[in-house]
């Protein structure tokens with residue numbers, strides 16, 4: 001890959017993105033073997049720097065790095081000098097002094113990975129920054145779509161829910177566009193950014209109008225506190241207008257798949273029946289996450305593609 | 001200090017006019033024209049050939065940080081930065097610690113300014129106690145203090161309560177005061193981090209919508225009209241605000257407005273590290289940066305190119321009366337951090353004139369620059385009687401600055417006189433440089449260097 005850091009899905013060229021997906025396919029094949037480990041990153045150090053609790057993402061990156069034989073250091077904001085008010089810059093200098101080859105960062109402030117990249121020599125991987133981006137989530141989503149549909153080019157993808165606050169939506173819009181999919185964002189107008197018209201995506205306020213034409217529907221988590229800030233009147237109204245239940249599932253083309261980045265609010269944006277249906281790829285997405293993160297670490301730190 | 005016999009400025013172009021000589025003596029401009037040796041006997045000769053003389057610049061909006069944050073700036077360091085920028089008077093904003101909301105604090109700041117002796121430091125008083133927006137500070141006491149405060153502002157905070165704003169506007173009429181409003185509707189800017197638009201959508205930063213500024217300006221001009229008071233609008237940043245001001249002025253409302261150099265030049269695109277410079281004087285220059293660099297975080301935020309264009313037009317046609325720096329020094333650690341945790345604000349005193357010369361000299365001319373950066377701000381702040389904002393003509397107070405209109409220089413944050421480094425212009429090559437500044441006939445800057 002030509003890039004050193006993975007800060008935004010928008011930084012990925014089509015070639016880079018396809019290289020990640022192809023490499024992830026090879027990594028996934030290895031997961032079926034008895035010894036699930038490659039020596040590629042032996043002697044390299046990967047730091048997981050997590051300023052937000054996200055067990056699922058942290059474990060996924062940890063497993064990915066370990067399967068590539070890297071040394072993994074988990075640096076969580078809780079119980080460390082970070083909680084005593086150490087600045088991101090000082091933490092970065094500490095990691096630098098420890099010889100981190102890659103830092104995987106999850107942070108509540110948008111752009112924190114960009115700042116970090118200016119202070120460390122190693123690669124920085126954005127594992128979710130505020131309401132900005134979560135590029136490896138988009139890569140694993142693209143991988144999942146490709147493994148189910150055999151392609152991404154030309155597919156119609158609906159991304160439904162709290163687009164305004166979603167780092168998953170931002171990364172997916174960029175990446176799916178790069179890979180030739182046609183994206184439609186579906187949300188109440190309050191949960192779309194004012195500048196959304198400049199994104200390479202269509203916008204709709206009407207879920208039922210969009211569903212019959214899609215190949216993929218991606219449901220976003222909607223946080224309950226949005227209700228108290230008047231983004232929508234009530235959880236039930238949100239669910240009625242923008243939730244995916246069995247009735248709406250029947251309106252989808254038979255080949256369409258249902259995705260969710262997790263964690264889900266069952267009964268709000270997605271009903272329990274839909275979450276557990278055969279159309280849902282939610283568990284698959286988690287499994288694919290490890291392969292995709294292995295591929296990213298491998299390409300950023302390891303060999304040439 | 002030895003008694004000065006004055007200064008003879010040879011070959012200077014007053015407001016860009018034909019070359020002449022100025023004799024500064026006893027704090028005034030004692031003679032103008034071809035001045036011979038006899039008249040100027042004993043005066044130190046300054047070769048000012050080709051330099052443009054402007055009335056000393058007046059900044060309506062300066063944060064000097066003292067008392068409270070002397071690590072970021074002091075009255076003295078900020079005064080030096082101001083003198084080097086061509087200023088002879090600055091209005092020191094009230095958001096210090098303690099807040100300048102009493103006669104005691106404004107007198108302290110005023111006295112520190114006199115002691116530094118590099119510019120006249122005119123304290124701005126807080127409108128409300130502790131900038132809390134709840135009850136009026138003792139505005140009359142500040143007005144009657146040695147500092148003689150005439151401008152009041154909760155800058156950084158908006159006086160958002162309409163009832164309180166109305167009372168403040170009315171109350172200061174008793175001593176010809178003016179309320180300088182930081183126009184920001186607080187509910188519409190909760191958690192706001194940058195201009196709300198295409199770039200904020202991409203960067204995932206909560207937006208600061210233009211309407212949050214415009215709604216307050218619209219309300220305040222109507223309040224000013226209703227009670228027949230004077231209103232000054234700080235750091236106007238949007239095209240919509242310009243339209244409201246134009247309407248208000250046509251209607252005869254007593255409103256004045258300022259714009260910062262950064263809002264005349266930079267846009268929100270700079271926040272993602274992709275700033276373009278749309279001025280002929282800056283063509284082919286680009287500052288390549290990384291996204292989310294908090295040196296570009298400022299309040300009100302950098303807007304769009306169409307806002308920049310509207311602000312320039314408004315400054316030229318007089319809808320906006322003055323350029324004000326909103327010089328806002330911050331300690332390194334308050335900018336070397338995540339965007340959301342960084343403090344808003346940029347340095348401005350040492351670059352303001354060069355930014356205006358580089359971008360707007362053709363449109364404004366030297367007389368226009370003198371009007372927008374000296375005469376108008378002096379009138380607004382009530383500093384004309386104190387000798388500011390007067391053109392360098394015979395008999396006028398010798399508060400003036402000499403500018404080399406052709407000099408090009410590159411902004412180097414480490415070489416600024418401010419104690420802080422948060423200039424957004426690092427690496428930019430600007431045109432026009434201050435060579436000398438005189439305060440009551442005494443040089444505060446000579447050969448581009450501060451004299452003290």
Checklist outcome for this item: Under the helix-only model (-39500 (n - 2.57) for each DSSP H run of 4 or more, divided by the residues of chain B), the mean residue ellipticity at 222 nm, to 500 deg cm²/dmol, is -7500 deg cm²/dmol
Checklist entry - Given the rule -39500 (n - 2.57) for each run of at least 4 DSSP H residues, summed and divided by the residues of chain A, what is its mean residue ellipticity at 222 nm, to the nearest 500 deg cm²/dmol? => result -11500 deg cm²/dmol
Checklist entry - Any idea what angle helix A:167-178 forms with the longest principal axis of chain A, computed on alpha-carbon atoms, 0 to 90 degrees, nearest 10? => result 90 degrees
Checklist entry - Does segment A:129-220 come out rounded, prolate or oblate, given a ≥ b ≥ c as the square roots of the eigenvalues of its C-alpha gyration tensor, rounded meaning a/c under 1.5 and, failing that, prolate meaning a/b above b/c? => result oblate
Checklist entry - Most exposed first by the Cβ proxy, i.e. fewest other Cβ within 10 Å, how do B:327, B:232 rank? => result B:232, B:327
Checklist entry - Which angle from 0 to 90°, rounded to the nearest 10, does the C-alpha axis of helix B:210-227 make with the longest principal axis of chain B? => result 70 degrees
Checklist entry - Of A:205, A:238, B:87, how do they rank once you tally other Cβ atoms within 10 Å and put the fewest first? => result A:205, A:238, B:87
Checklist entry - With the radius of gyration and the Kirkwood radius both derived from the Cα set of chain B, what is their ratio Rg to Rh? => result 0.96
Item to check | Mean Cβ neighbour count within 10 Å, used as a protection proxy, ranking A:277-286, A:121-130, B:164-173 highest first | outcome: A:121-130, B:164-173, A:277-286
Checklist entry - Which Rg and Dmax, in Å, describe the Cα atoms of the protein assembly as shown? => result 29.9, 103
Next on the checklist: Taking beta carbons within 10 Å but only from partner chains, what does the mean come to for residues A:198-207?
Outcome noted: 1
Item to check | Of all DSSP beta bridges in chain B, antiparallel share, percent nearest 5 | outcome: 50 percent
Checklist entry - What nm value, rounded to one decimal, do you get for the distance between residue A:87 and residue B:225 when each label is placed 7 Å out toward the C-beta? => result 4.8 nm
Next on the checklist: Taking every DSSP beta bridge with both residues inside chain A, roughly what % is antiparallel (nearest 5)?
Outcome noted: 5 percent
Item to check | Neighbouring partner chain Cβ atoms per residue of B:204-211, average, 10 Å criterion | outcome: 4
Next on the checklist: So if I take the centroid of the Cα atoms in segment A:268-305 and the same for segment A:195-222, what is the distance between those two points in Å?
Outcome noted: 21 Å
Checklist entry - Other chains' Cβ within 10 Å of A:188-195 residues: what's the mean? => result 4
Checklist entry - For the Cα atoms of chain A, what angle does the longest principal axis make with the long axis of helix A:135-149, in degrees from 0 to 90, nearest 10? => result 60 degrees
Checklist outcome for this item: Highest mean packing first, using Cβ neighbours within 10 angstrom, the peptides B:155-161, A:181-187 sort as A:181-187, B:155-161
Checklist entry - Can you sort A:115, A:167, B:421, B:452 by how many other beta carbons sit within 10 Å, fewest first? => result B:452, B:421, A:167, A:115
Checklist outcome for this item: If each part is reduced to its alpha-carbon centroid, segment B:388-448 and segment B:1-69 end up apart, in Å, by 13 Å
Next on the checklist: What number does segment B:1-99 give for Rg over Rh if you use C-alpha atoms and the Kirkwood radius?
Outcome noted: 1.13
Item to check | Mean projection area, nm², convex hull over Cα of segment A:135-283 | outcome: 7.8 nm²
Next on the checklist: So if I take the centroid of the Cα atoms in segment A:1-74 and the same for segment B:270-285, what is the distance between those two points in Å?
Outcome noted: 37 Å
Next on the checklist: In Å and on Cα atoms, what radius of gyration and Dmax does segment B:338-435 show?
Outcome noted: 15.7, 54
Item to check | Column: log10 I(q)/I(0), Debye, Cα scatterers of segment B:7-47, q = 0.17, 0.34 Å⁻¹ | outcome: -0.37, -1.27
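FYI, it's all coordinate maths here, none of it is from the lab. All values derive from a computational prediction rather than experimental measurement. Cβ sites come from the backbone with ideal geometry, for glycine too, and all protein chains shown count toward neighbours.
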